[in-house]
Amino acid sequence: MEIVGRLTTDAKVNETKNGIRVVNFSLAVNDRFKTGSGEIKEQVTFFNCSYWMSSGIAEHLLKGSLVEVSGRVSANAWLNAEGEPKASLNFHVDRIKLHGKANGTSADQANTEPATDENPF
């Protein structure tokens, strides 16, 4: 699956107990559609993303940046402490393509594939 969205915050690098680094970020995906009555509606869907390939990309994933990611989606549902139902969408990223910087200027197009000696990400 591929989605395109804007980062809602700067990416953060976290480390597991085993010392494995993961890049976490959130994407907002905007959708615009017409209802049966012709009214234009806008809907925003948020995805919590995780990228396990290489943490070097995190410095390029800044709030407001436009990115395209591919991977797989999963959903979580739970009851909070007050007993209210909550849910989230998670996206397990295996490729990131930068489309634009947060300030609207063009970003260097960078594909991230699994890290190799030749790939700085």
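Observations on the structure shown:
- The single condition among (1) out of contact with any Lys or Arg (no Cβ under 6 Å at 6 or more places or on another chain); (2) modelled with pLDDT of 95 or more that Glu68 does not satisfy is (1).
- Among the residues listed as Thr45, Thr9, Thr35, the single one being in contact with a strand residue (DSSP E or B) (Cβ under 7 Å, 6 or more places away or on another chain), free of Cβ contacts under 8 Å to residues at least 24 places away in the same chain and among the β-branched types (Val, Ile, Thr): Thr35
- Residue check for Ser70: of a type in the set (Ser, Thr, Tyr), in a strand (DSSP E or B) and at negative phi: yes
- Residue in the range 83-97 that is surrounded by 15 or more Cβ atoms within 10 Å (Cβ to Cβ), under 14 Å from the mean Cα position of the chain (by Cα), assigned to a loop (DSSP other than H, G, I, E, B) and of a type outside the set (Gly, Ala, Ser) present: no
- Taking the criterion of being in a loop (DSSP other than H, G, I, E, B), hydroxyl-bearing (Ser, Thr, Tyr) and either closer than 15 Å to Ile96 by Cβ or within 10 Å of the chain's Cα centre (by Cα) (or both), the only residue of the range 10-58 that qualifies is Ser54.
- Output for the range 49-64, where each listed residue is at pLDDT below 95 and polar (S, T, N, Q): Ser54, Ser55
The values are calculated or read from the model by the stated rules, or taken from the named source; none is laboratory data. Everything numeric in this text was worked out from a predicted model, so none of it was measured. Note that each Cβ is placed from the backbone with ideal geometry, even for glycine, and that neighbours are counted across all protein chains shown.
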